[in-house]
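Just below is one structure, and these are the notes that go with it.
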Amino acid sequence: MPDITAVAGKVAGVISLVAFVPYIFAILRGTTKPNRASWWIWTVVGFMLGASYYSSGADHTIWVPVSYIIGPFVIAILSLKYGEGGWTRFDRTCVIGAGVSALLWWLLSSPLVALCINIVIDAMGALPTIRKAYRVPEGEDRTAWILFSIANTVNLLAIEEWTFAIVSYPIYMFLTAGLIALLVLRPRKMK
């Protein structure tokens, strides 16, 4: 009989990767304009989080972070042409905060500390998109965020060991994707 945590982890990873497809199509259709700051921070952090999370002992829950390396990179590239114009003061503040957190990670050289710092960096990257989803929910793709939320919910079932190092990232992603999904599911303004 297959290990339920292993199956849940792979299913969550596939759902998470698939969630980027409607988001990419929404960008190409012009119905979603990705926030450049968020997606570039998420691209860089995706690599760092994947490495630090795996080094901290993640096994079955690693597939969602792997999808968060691939998907954000594609969207970050698309944001150069199709993303929101300019970098606001808020966006720049988030990028600077992410840079400071990355420097601290490099200086401290510990997988668990790196994981915590990378979650903070990721949260700094999420803030512009959370703000956008709150102000202009129609500017984000509902299907993609529902799928991200589902993937991160299923990923909680993949947790094989309930230690801080293993649960911190999946719980953070569950809360962040869930918040954005709730914001974009609010009734949209009629034009």
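The values are calculated or read from the model by the stated rules, or taken from the named source; none is laboratory data. Keep in mind that this is a model prediction, so the values were computed, not measured. Positions of Cβ are backbone-derived with ideal geometry, glycine not excepted, and every protein chain shown enters the neighbour counts.
Total residues in segment 24-63 satisfying the condition of being over 26 Å from residue 97 (Cα atoms) and part of a helix (DSSP H, G or I): the figure is 9.
Screening residue 43 with (1) under 19 Å from residue 124 (Cα atoms); (2) of a type outside the set (A, V, I, L, M, F, W, C); (3) surrounded by fewer than 15 Cβ atoms within 10 Å (Cβ to Cβ) gives one miss only, at (3).
Scan segment 64-87 and give yes if some residue there is within 20 Å of residue 163 (Cα to Cα) and either assigned to a loop (DSSP other than H, G, I, E, B) or at pLDDT below 90 (or both), otherwise no. Before the answer, list the steps.
Going through segment 64-87, the residues within 20 Å of residue 163 (Cα to Cα) turn out to be 64-65.
Then keep just the ones that are either assigned to a loop (DSSP other than H, G, I, E, B) or at pLDDT below 90 (or both); that gives 64-65.
Among the residues of segment 64-87, at least one is within 20 Å of residue 163 (Cα to Cα) and either assigned to a loop (DSSP other than H, G, I, E, B) or at pLDDT below 90 (or both), which makes the answer yes.
Kindly indicate whether residue 102 is in a helix (DSSP H, G or I), in contact (Cβ under 8 Å) with a residue 12 or more places away in the chain, touching a helix residue (DSSP H, G or I) at 6+ places or on another chain (Cβ under 7 Å) and not hydroxyl-bearing (Ser, Thr, Tyr). Yes, satisfied. Output yes when any residue across segment 182-191 is within 14 Å of the chain's Cα centre (by Cα), surrounded by fewer than 19 Cβ atoms within 10 Å (Cβ to Cβ) and part of a helix (DSSP H, G or I), and no when none is. Scanning segment 182-191, I find no residue that is within 14 Å of the chain's Cα centre (by Cα), surrounded by fewer than 19 Cβ atoms within 10 Å (Cβ to Cβ) and part of a helix (DSSP H, G or I), so the answer is no. Selection of segment 25-43 for residues being under 11 Å from the mean Cα position of the chain (by Cα) and β-branched (Val, Ile, Thr) yields 41, 43.
Of everything in segment 146-164, what is surrounded by fewer than 16 Cβ atoms within 10 Å (Cβ to Cβ) and of a type in the set (A, V, I, L, M, F, W, C)? Give them in sequence order. Even if it seems obvious, please write down each step before you answer.
The initial filter retains those residues of segment 146-164 that are surrounded by fewer than 16 Cβ atoms within 10 Å (Cβ to Cβ), namely 156, 161-164.
Of everything in segment 146-164, those that are surrounded by fewer than 16 Cβ atoms within 10 Å (Cβ to Cβ) and of a type in the set (A, V, I, L, M, F, W, C) turn out to be 156, 162, 164.
Would a scan of segment 165-175 turn up a residue that is assigned to a helix (DSSP H, G or I), touching a Ser or Thr at 6+ places or on another chain (Cβ under 8 Å), touching a residue at least 24 places away in the same chain (Cβ under 8 Å) and buried (at least 22 other Cβ atoms within 10 Å of the Cβ)? Taking every residue of segment 165-175 in turn, at least one turns out to be assigned to a helix (DSSP H, G or I), touching a Ser or Thr at 6+ places or on another chain (Cβ under 8 Å), touching a residue at least 24 places away in the same chain (Cβ under 8 Å) and buried (at least 22 other Cβ atoms within 10 Å of the Cβ).
Mind listing just one residue for me: the one in segment 61-75 that is buried (at least 21 other Cβ atoms within 10 Å of the Cβ) and not polar (S, T, N, Q) and, of those, nearest to the chain's Cα centre (by Cα)? Spell out how you get there, then give the answer.
Let us first name the residues in segment 61-75 that are buried (at least 21 other Cβ atoms within 10 Å of the Cβ), namely 61, 63-65, 67-68, 71-72, 75.
Then keep just the ones that are not polar (S, T, N, Q); that gives 63-65, 68, 71-72, 75.
On the way: 63: 13, 64: 9, 65: 8, 68: 6, 71: 9, 72: 8, 75: 12 Å.
The selected residue is 68.
Listed by first and then second residue, the pairs linking a residue in segment 133-146 that is under 11 Å from residue 34 (Cα atoms) to a residue that is part of a helix (DSSP H, G or I) and among the hydroxyl-bearing types (Ser, Thr, Tyr), with Cβ atoms under 9 Å apart and 6 or more places separating them unless they lie on different chains, are 140/23; 140/129; 141/23. Restricting segment 123-140 to residues that are closer than 19 Å to residue 16 by Cα and modelled with pLDDT under 90, which is surrounded by the fewest Cβ atoms within 10 Å (Cβ to Cβ)? Per the stated criteria, the residue is 123. For residue 96, the stated conditions do not hold, so it cannot be described as out of contact with any Lys or Arg (no Cβ under 9 Å at 6 or more places or on another chain), in a helix (DSSP H, G or I) and surrounded by 16 or more Cβ atoms within 10 Å (Cβ to Cβ).
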